[in-house]
Amino acid sequence: MTTTAPAEQSVDKTPSGAAHPHPRRRPGRIRRIGLPYLLLLPALLLELLVHLVPMVIGTVMSFKELTQFYIRDWGAAPWSGLDNYKVSVDFDAPVGEALLHSFLVTVAFTLLSVGLCWLIGTAAAVFMQDTFRGRGLLRALFLVPYALPVYAAVITWVFMFQHDNGLVNHVLHDQLHLTDKPSFWLIGDNSFWALLTVSVWKGWPFAFLIVMAGLQNIPGELYEAAALDGAGLWQQIRRITLPSLRPVNQVLLLVLFLWTFNDFNTPYVLFGRSAPEAADLISVHIYQASFVTWNFGTGSAMSVLLLLFLLVVTGVYLLLTTRGRKPADV
Amino acid sequence: MRRTRVAAAGAVTASLLTLVTACGGGSSTSDGSNDSPKTLTYWASNQGASIEVDKKVLQPELDKFEKQTGIKVKVEVVPWSDLLNRILTATTSGQGPDVLNIGNTWSASLQATGALLPWNAKNYAAIGGKDRFVDSALGSTGAQGQDPAAVPLYSMAYALYYNKQLFADAGISKPPATWDELIADGKKIQAKGKSALGAEGANLSENIHHVFVFARQHGGDFFTPDGKPDFTNDKVVAAVKQYVDLMAKDKVIPTGDAEYAQNQSVSDFAKGNQAMLLWQSASANLESQGMSADKYGIAPVPVQSGTPGTGTQVNSAVMGINLAVFKNTDNIDGAKKFVKFMTSDAEQKILNTAYSSIPPVKSVQSDSTFSSGANKVLKDTLATSAAALPQVADESQFETAVGTAVKELFADAAAGRAVTTDSVKAALEKAQQQMPTK
């Protein structure tokens with residue numbers, strides 16, 4: 001309470017204090033520097049509660065031997081030093097090898113999924129820029145996958161991917177005769193493509209929505225001028241649309257990357273608690289390493305490694321993309 | 001500025017401390033109290049065709065209990081897909097029910113957490129004594145040499161369910177007693193355009209129950225006598241291969257079953273598309289799917305040769321549900337009263353009839369209700385030819401690791417890849433390496 005009092009007392013003086021390039025009195029400076037922090041405090045506290053504290057606890061757990069013998073009283077679990085990490089990154093041993101495999105599958109899956117989501121979303125947004133009959137309806141339709149509850153949407157895909165009675169096999173095999181025999185989509189190697197399909201189906205409307213919003217900010221005169229100069233559609237897209245969308249795309253790609261890399265719901269609903277090797281995404285892998293085998297220490301260590309990886313990727317990405325740009329662009 | 005920092009730091013520390021204390025809820029080591037003697041929370045497993053059915057079966061009984069003792073029981077029926085996770089979460093947080101159902105195969109794993117009330121002589125005396133229960137059921141209540149972690153509630157066993165009409169159409173007069181006979185009968189059924197045998201290839205628990213029995217029939221075991229995993233011995237490898245070969249080589253299980261995990265094979269059987277089903281106490285389930293009891297026959301699960309018995313003649317795991325009490329309950333006396341009520345003669349008869357299971361209580365088992373038709377086969381199996389799954393702390397991990405290995409092998413078979421002794425051994429080797437080393 002005491003900290004807020006000075007700020008409240010001198011509210012009427014704020015404009016004058018801010019107008020002076022060199023404030024004369026200390027309370028003015030405190031006000032100026034303290035206010036943003038004060039306003040951020042509630043968000044900071046909530047952030048701390050919701051994100052940081054579990055993260056700290058998770059990190060602590062990763063240094064413990066937290067198996068079924070200790071979960072009831074995990075303060076009593078013995079410290080295991082770096083053992084959990086050693087097991088996780090020993091790529092010659094089965095646990096580490098499986099983690100590495102899962103990591104590589106996840107990287108491939110994420111690159112493909114984000115790339116396709118962005119491509120389809122951007123293409124759709126660009127083509128929907130001109131007004132035509134039924135545009136509103138199409139826009140609404142495109143957003144349906146994004147608006148559906150994940151569980152309901154993915155379980156529908158499970159039915160469609162079924163071997164015996166699924167719609168996918170019915171179309172590919174029974175109708176179009178593209179395969180010799182019905183394929184398995186939920187087990188074996190095809191499961192990767194099944195997962196990718198659902199992920200792109202679920203993810204691209206978000207890219208569409210964001211790019212569409214970004215397109216509204218590009219002045220129409222630019223296109224008119226370009227058209228007068230003889231630029232075709234492709235040139236307009238390359239020279240005007242994409243450069244103007246750059247700041248939007250930067251955020252969009254990062255967000256899509258993080259969401260896709262960490263996606264748990266889609267693979268879990270699609271494959272259940274033990275995913276096929278070809279589609280063994282890292283979030284489900286870690287879940288299995290902790291919940292299903294009851295070894296929460298190793299699971300936490302893997303989570304911490306994942307966190308570090310995502311931090312590094314995000315950091316490098318932000319560094320590369322924001323370098324040499326004005327703060328207002330970010 | 002400084003004061004702001006101090007205040008911020010204070011707030012952060014306070015919230016951190018609150019959270020850490022909140023998270024430490026699991027550290028309570030008390031052995032139960034009687035702080036709230038008028039209520040109990042009970043997690044029931046899903047035994048009937050649906051959760052609604054279970055509520056209908058249980059509620060009148062819980063009302064009776066309230067009338068007798070004045071204790072109100074709040075029941076929640078937890079689906080199987082969630083039950084173990086819910087129990088683990090409750091164990092970790094200390095925020096769980098007072099009384100709960102557990103799959104009997106989990107007994108030793110959950111016993112190791114120390115969260116469940118041990119059923120020592122004193123506690124057993126409070127519910128009428130240990131000798132009220134049959135030995136086969138008591139064999140699945142925890143690791144040997146320790147006080148049991150739970151009390152048997154419902155017993156179940158695997159049996160071979162067969163469609164009488166499809167058998168008659170194929171000219172088969174009696175159900176197969178050996179695996180060779182089953183394969184031969186399967187071919188006759190397939191010749192009539194129906195599928196022979198169902199399986200849940202992607203259901204880890206089902207896989208485990210079957211390969212466990214096959215291992216016994218080969219004279220092997222997944223664990224050494226001192227409880228170490230031993231998944232790659234020749235007998236176990238041969239056993240797992242024989243089960244997967246029912247799809248890969250003998251082709252009596254359709255390849256589509258490799259992705260079944262939601263009891264689709266039971267539906268296939270109930271719809272009359274599939275002639276045989278290996279299942280535990282399926283009558284109530286089949287009934288609810290519209291297949292009346294006169295449409296199917298029930299026989300013991302096949303063996304390699306001869307008749308079911310002990311040793312290599314085992315033809316089922318001892319399946320069932322146990323009743324456990326969380327140690328940190330705040331109504332310990334009420335919880336024991338409830339266990340006594342649920343295992344009483346009258347309730348055992350009502351509940352096991354409703355769920356088409358076999359009562360683990362001796363005095364009720366001899367009741368005529370459980371000595372006829374389907375029940376007789378199940379009861380005889382439990383009494384003479386069923387073996388308990390390994391009662392070791394790592395049982396739950398074993399189910400996941402080996403169950404997944406079998407699932408992957410089924411996926412190979414479905415994709416037309418060869419399932420060889422080497423590929424089976426490699427899959428089991430990988431499963432074994434995932435087991436805890438301490």
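Each Cα pair under 8 Å and six or more residues apart adds its sequence gap; the mean of these over the residue count of the range A:83-329 is a relative contact order of 27 percent. Counting only residues at least eight positions apart within a chain, or on another chain, the aspartates and glutamates with an alpha carbon under 12 Å from that of A:K181 are A:D164. If you place +1 on the Cβ of every Lys and Arg, -1 on the Cβ of every Asp and Glu, and leave all else neutral, what size is the dipole of chain B about its Cα centre, to the nearest 20 Debye? Here chain B has a charge dipole of around 660 debye. For the range B:87-137, the gyration tensor built on C-alpha atoms gives a prolate shape. Its axis ratio a/c (a ≥ b ≥ c) is at least 1.5, and a/b is the larger of a/b and b/c. Gyration tensor over the Cα atoms of the range A:248-322: the corresponding equivalent ellipsoid has semi-axes (square roots of 5 times the eigenvalues, largest first) of 27, 16, 7 Å.
Bridgeable aspartates and glutamates around B:K192 (alpha carbons under 12 Å apart, same-chain partners fewer than 8 residues away excluded): B:D169. Shape class for the range A:79-197, computed from the alpha carbon gyration tensor (a ≥ b ≥ c): oblate, with a/c not under 1.5 and a/b at or below b/c. Here the contact order of the range B:126-214, divided by its residue count and restricted to Cα pairs under 8 Å and six or more residues apart, works out to 13 percent.
Among A:R139, A:R72, A:R29, the largest mean-square fluctuation in a Gaussian network model of chain A (Cα springs under 10 Å) belongs to A:R29.
Summing +1 for each Lys or Arg and -1 for each Asp or Glu, what net charge is found among the other residues whose Cβ lies under 14 Å from the Cβ of B:D185? Here the count lands on +3. A simple rule links phi to the HN-Hα coupling: the Karplus curve 6.51 cos²θ - 1.76 cosθ + 1.60 with θ = phi - 60°, which for the range A:146-157 gives 6, 7, 5, x, 4, 4, 4, 5, 6, 5, 5, 4 Hz, with x for Gly and Pro. Among the listed pairs B:K130/B:K241; B:K130/B:K327; B:K55/B:K271, those with a Cα-Cα distance over 31 Å are B:K130/B:K241. With the helix formula -39500 (n - 2.57) applied to DSSP H stretches of n ≥ 4, the protein assembly as shown reaches a computed 222 nm mean residue ellipticity of -16500 deg cm²/dmol.
Under the convention that each Lys and Arg Cβ holds +1 and each Asp and Glu Cβ holds -1, the size of the dipole of chain A around its Cα centre is about 1780 debye.
Taken about its Cα centre, the protein assembly as shown carries a charge dipole of about 2620 debye when Lys and Arg each add +1 at the Cβ and Asp and Glu each add -1 at the Cβ. Shape class for the protein assembly as shown, computed from the alpha carbon gyration tensor (a ≥ b ≥ c): oblate, with a/c not under 1.5 and a/b at or below b/c. With springs only between Cα atoms under 10 Å, which of A:A147, A:A289, A:A301 fluctuates most in a Gaussian network model of chain A? Greatest mean-square fluctuation among the candidates belongs to A:A147. Simple spin-label estimate for B:T232 and B:W80 gives 3.1 nm between the two label positions (7 Å along the Cα-to-Cβ direction from each Cα). By the count of other C-beta atoms within 10 Å, a proxy for reagent exposure, A:I240, A:I187, B:I189 are ordered fewest to most as A:I240, B:I189, A:I187. Diffusion coefficient (Stokes-Einstein, Kirkwood radius over C-alpha pairs, 4 °C, 1.567 mPa s) for chain B: 56 µm²/s, rounded to a whole number. Between the residues A:W193, A:L143, A:Q216, the greatest Cα displacement towards the positive end of the dipole of chain A, with unit charges on the Cβ of Lys, Arg, Asp and Glu, is found for A:Q216.
Modelled spin labels at A:F127 and A:D174, positioned 7 Å past Cα toward Cβ, are 2.9 nm from each other. Its relative contact order, with pairs defined as Cα atoms under 8 Å and 6+ residues apart, puts chain B at 26 percent. If you take all other residues with their beta carbon under 12 Å from the beta carbon of B:N203, and give Lys and Arg +1 and Asp and Glu -1, the sum is -3.
Computed from the C-beta positions of A:W79 and A:L40, the FRET efficiency with R₀ = 51 Å rounds to 0.90. Within chain A, the percentage of alpha carbon pairs spaced more than 31 angstrom apart rounds to 53%.
Projecting the Cα positions of B:L351, B:I51, B:T92 onto the charge dipole of chain B (unit charges on Cβ atoms of Lys, Arg, Asp and Glu, taken about the Cα centre) puts B:T92 furthest along the positive direction.
The alpha-carbon atoms of the range A:178-236 define a convex hull whose volume equals 123 cubic angstrom per residue. In this rough spin-label picture, where each label sits 7 Å from Cα along the Cβ direction, the A:L320-A:I155 distance is 4.1 nm.
Helix B:51-69 versus the longest principal axis of chain B: what is the Cα-based angle in degrees, 0 to 90, to the nearest 10? Approximately 50 degrees, to the nearest 10. In the range B:240-385, a dipole from Cβ-located charges (positive for Lys and Arg, negative for Asp and Glu) runs towards its positive end, and of B:G306, B:A270, B:V252 it is B:G306 whose Cα lies farthest in that direction.
Coordinate-derived values only; no laboratory data. Everything quoted here is computed from the prediction, not taken from an experiment. Glycine also receives a Cβ, built like all others from the backbone with ideal geometry; neighbour counts cover every protein chain displayed.
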